[in-house]
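Take a look at the structure below.
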Amino acid sequence: MKHRPIFLLSFAVVGLSAVAARAETIYVTNEKSNTVSVIDGQSLEVTKTVDVGQRPRGLVMSRDNKTLYICASDSDEIEAIDLDSLAVSSVVGTPDPERIDISPDGKFLFASNENDNLVSIIDLAAHTVTDTVPVGVEPEGMGVSPDGKLVVNTSETTNMAHVIDLGSHKIVANILVDPRPRVAVWTRDGAQVWVSSEIGGTVSVIDAATLAVIKKISFAVEGLTAEQIQPEGIAITPDRKLAFVALGPANRVAVIDAQTYEVKDYILVGQRVWGITLNPSATRLYAANGLSNDVTAIDVSTLEAIKSVPVGEEPWGSAVRP
Amino acid sequence: MQRALILAIALAIAAAPAVAADKMRFWNLTAAEITELYLAPAGTTQWSPNQCLNDSDKSVEADERLDLKDIAPGRYDVKLADKTGRHCLVKDVAVKSGGKYAFSISEKELTDCTK
């Protein structure tokens, strides 16, 4: 009898955990089928498929987790999905947007316009592009600093990370990285930016204070050539203990000690893994596999793939609603 | 005369977006970077020049697009080589105008390859 409160408490904790797991929803852009797949975080099954504009690629969650913003690249616009009704609406027209990120206050989006060599700054309330910043050739990666003062854009052909001051909308630094930089991700503490280089086969770690590359991380997978290892998506745990890097046609996600930069493991996933996303609690990683048309869910505590979820054609990336 | 001029200008303005939309591009949905891409009218061997030479880095990476030169809409056989050393032939591909891309080739279509 005296153990009953403890038993009830345990039951309640288990119940809360189940509720938390059930509440998580994953949204995946499928760039060939022009859809977004909605995956239930508990069952890891697709529960709905939403038709969106053409070639959906980059995506980001609103700060209140009520809206998903996506780049409909071939429709030349940013679209919004209301996550309660799954209604799709146009936010603003902007040419060939590829990736987006959102300001810490949730009021602005920053989009790379691949064919126009621009970064567009979008006022979400006004539904307008308020400014454009010329950058290098084929801009792609977009990462807003946690303090909202800088945005880092990568340009695939110029092989640079461009650091844009969000006060002046001017480039304050151009940092040379290895060929075909794809993704720029800030650490939660704002101390570093990690940039993946698809052709270079490396990840450059940039110190935010000096805006200099302080480390280049390389990868080697037994049985694969260097050309098959093409770093793309990056995800870093909020405590900066672990980092994950999608290795494209190597069909693996690398696990890195984000303090020592040592590659600890390679997790086998689907074909041509591209965008990877941690859930907000950093307990799961979701990897979009462009050629096998599925998403691999990975348990971060065990570093094991737990399920492969079939989605639409050419899944590009994902976002998680807690 | 003035009416004809206005009509000509109006027609030119109306035609401009159509020209822009008709830009012919190939979308590489295979797993590999393509280094050579040739098109010939279906069933012929009248191969075009290597279309990859149209690109600044002379190749088209996976998931990237490539501008096509002197290719009209129609049905084509497509011959390609990629960085993994594969040489592949894809027959009777529909090449269309008016969209963001004229045609794509995905990994599952590469069934006739040598290495």
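The figures follow:
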quantity: Candidate lysines for bridging to A:LYS66, where Cα separation is under 22 Å - those fewer than 8 sequence places away on the same chain excluded; calculated: A:LYS48, A:LYS107
quantity: Among A:VAL152, A:VAL28, A:VAL263, residue whose mean-square fluctuation peaks in a GNM of chain A (springs only between Cα atoms under 10 Å); calculated: A:VAL263
quantity: Over region A:46-157: Kirkwood hydrodynamic radius from C-alpha pairwise inverse distances, Å; calculated: 13.9
quantity: Mean shadow area of region A:120-209 over all directions, Cα convex hull, nm²; calculated: 5.7
quantity: Burial ordering of A:ILE229, A:ILE199, fewest other beta-carbon atoms within 10 Å first; calculated: A:ILE199, A:ILE229
quantity: Loop-located GluC sites (Glu not before Pro) in region A:154-245 whose Cβ has at most 14 other Cβ within 10 Å (DSSP); calculated: A:GLU222
quantity: Per-residue mean of C-beta atoms belonging to partner chains within 10 Å, peptide B:57-66; calculated: 4
quantity: Evaluated over the protein assembly as shown, the Cα radius of gyration and Dmax, each in Å; calculated: 23.0, 103
quantity: Structure-based [θ]222 nm, chain A - -39500 (n - 2.57) summed over DSSP H runs of at least 4, per residue, nearest 500; calculated: -2000 deg cm²/dmol
quantity: Gyration tensor verdict on region B:23-114 (Cα atoms; rounded if a/c is under 1.5, prolate if a/b is larger than b/c, oblate otherwise); calculated: rounded
quantity: Relative exposure of B:HIS87, A:HIS162, judged by other C-beta atoms within 10 Å (fewest first); calculated: B:HIS87, A:HIS162
quantity: No Cys partner within the rule (Cβ under 4.7 Å), the protein assembly as shown; calculated: A:CYS71, B:CYS52
quantity: Cross-link pairs A:LYS32/B:LYS69; A:LYS149/B:LYS100; A:LYS215/B:LYS83 - those with Cα-Cα distance over 31 Å; calculated: A:LYS149/B:LYS100
quantity: Potential lengthening between A:LYS241 and A:THR130 on full extension [0.36 nm per residue; Cα-Cα distance subtracted]; calculated: 36.2 nm
quantity: Expected-Rg normalisation [2.2 N^0.38 Å, Cα atoms] applied to region A:188-252; calculated: 1.16
quantity: Total charge dipole magnitude, the protein assembly as shown, about the Cα centre, Cβ charges on Lys, Arg, Asp, Glu only, Debye to nearest 20; calculated: 580
quantity: Overall form of region A:206-302 per C-alpha gyration tensor (a/c, 1.5; a/b vs b/c); calculated: oblate
quantity: Ranked A:CYS71, B:CYS113, B:CYS52, criterion: other C-beta atoms within 10 Å, fewest first; calculated: B:CYS113, B:CYS52, A:CYS71
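Readers should treat all values here as calculations from the given coordinates under stated rules, not as data from a laboratory. Quantities reported herein were computed from a predicted structural model and do not represent experimental measurements. With ideal geometry, Cβ positions are generated from the backbone for all residues, glycine too; neighbour counts draw on all protein chains shown.
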